[in-house]
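S.K.: Provided herewith is a single structure, encoded as structure tokens, for subsequent inquiry.
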Amino acid sequence: CGFRRALISRGVPPEKITVIHNWCDEDAILSASGDGPLARRLGMEGLVNIVFAGNMGKVQGLETVLQAAALLGDEPLVQFVLAGDGTELPVLQRIAEERGLKNVRFVGRMPMSEIGGILSLADALLVHLEDDPLFRITIPSKTQAYLCVGKPILMGVSGDAARIVERHRAGICFASSNSESMAEAVRSFLRLTPEERKQMGERARA
């Protein structure tokens, strides 16, 4: 745990430190249904959906997602689905409209009863934070929910969070705040066979 290592490096005795890991409500996540009607309502039917669900603030650095979407304009089936709300949402919506990004869909804040449904409809789940030394010892709380759903993860957070995905071969990591790296991670995902994607998701769930 990066925070534990940081505290020890500052002189805190290891025996005084207890690590309480992030968790998710598995029952709430897995009980929601990602069925055909929900897919149609959200405009996700028949596409390769890369889903980000959560807060949309400065630290999430989601303009990088929009830049990656522009780079992936030659992949007609790829769609980034952004679910949630936050201070940057109006800015992101304006940028997407100004740039004519047809492969980015904003679906707004969703009740917990539907979050598991949209996650289950994803082909891959996206985690991204700005490139900052602090975030290299941070594991975003959405990581556990994503693992629980059993879908491949595209991890754009260096350090501890990336090591979880790499160690368990649960997804593809890319450099944060780097749209070219994100776009290449998506292309790498597209090159996987359906069976390889399924196995990646099963390892995430395990």
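S.K.: In whole Å, what is the distance between the alpha-carbon centres of segment 145-163 and segment 21-56?
M.R.: Taking the Cα centre of each part, segment 145-163 and segment 21-56 sit 15 Å apart.
S.K.: So, one more: Could you check how much of the accessible area of the chain is carbon and sulfur, as a whole percent, using a 1.4 Å probe? Please list the in-between numbers first.
M.R.: Numbers: 5410 of 10470 Å².
Percent of accessible area from carbon and sulfur atoms in the chain: 52.
S.K.: On a 1.4 Å probe surface of the protein chains, which of Phe52, Phe3 comes out largest in accessible area, and what is the full order?
M.R.: Phe3, Phe52
S.K.: Run the numbers for Leu71 and Asp131: contour at 0.36 nm per residue of separation, minus the present Cα-Cα distance, in nm.
M.R.: Working: separation 60, 0.36 × 60 = 21.60 nm, distance 2.00 nm.
19.6 nm is the gain from fully extending Leu71 to Asp131.
S.K.: Tally Lys and Arg at +1 and Asp and Glu at -1 over the other residues with C-beta under 12 Å from the C-beta of Ile17: what net charge comes out?
M.R.: Values: positive: Arg4, Arg5, Arg10, Lys16; negative: Glu15.
Net of charged neighbours comes to +3.
S.K.: Additional query: For Val107, tell me the accessible area in Å² from a 1.4 Å probe, rounded to the nearest 10.
M.R.: Approximately 40 Å² of Val107 is accessible to the 1.4 Å probe.
S.K.: Now, a different point. Helix 194-205 versus the longest principal axis of the chain: what angle, 0 to 90°, nearest 10, using Cα atoms?
M.R.: Its long axis makes an angle of about 40 degrees.
S.K.: How much net charge surrounds Glu45 when only other residues with a Cβ under 14 Å from its Cβ are counted (Lys, Arg +1; Asp, Glu -1)?
M.R.: Numbers: positive: Arg40, Arg41, Arg105; negative: Asp35, Asp123.
In short, +1.
S.K.: Across every pair of different alpha-carbon atoms, what Kirkwood hydrodynamic radius in Å does segment 80-206 reach? Mind showing how you got there, number by number?
M.R.: Numbers: mean 1/r = 0.0654 Å⁻¹.
Taking every pair of different Cα atoms in segment 80-206, averaging 1/r and inverting gives 15.3 Å.
S.K.: Related question: Could you tell me the relative contact order of the chain? Use alpha-carbon pairs under 8 Å, at least six residues apart, and round to a whole percent. Spell out each step's value before the answer.
M.R.: Details: 361 pairs, mean separation 47.2, N = 206.
Dividing the mean separation by the residue count of the chain yields 23 percent.
S.K.: In deg cm²/dmol and to the nearest 500, what is the mean residue ellipticity at 222 nm of the chain if only DSSP H runs of at least 4 residues count, each as -39500 (n - 2.57), divided by the residue total?
M.R.: Numbers: 10 runs with 90 residues, N = 206.
Helix-only estimate at 222 nm: -12500 deg cm²/dmol.
S.K.: While we're on this one: Where does the Debye-calculated log10 I(q)/I(0) of segment 9-124 sit at q = 0.14, 0.18, 0.20, 0.22 Å⁻¹, using only Cα point scatterers of equal weight, no solvent?
M.R.: So the normalised log intensities are -0.65, -0.93, -1.09, -1.26.
S.K.: When the solvent-accessible surface of protein heavy atoms is calculated with a 1.4 angstrom probe, in what order do His128, His168, His21 fall, highest first?
M.R.: Most to least solvent-accessible, the answer reads His21, His168, His128.
The values are calculated or read from the model by the stated rules, or taken from the named source; none is laboratory data. Not measured: the values here are computed from a predicted model. Cβ: placed from backbone, ideal geometry, glycine included. Neighbour counts: every protein chain shown. The accessibility values were calculated without ligands, DNA or RNA, using every heavy atom of the protein model including side chains. Shrake-Rupley method; radii C 1.70, N 1.55, O 1.52, S 1.80 Å.
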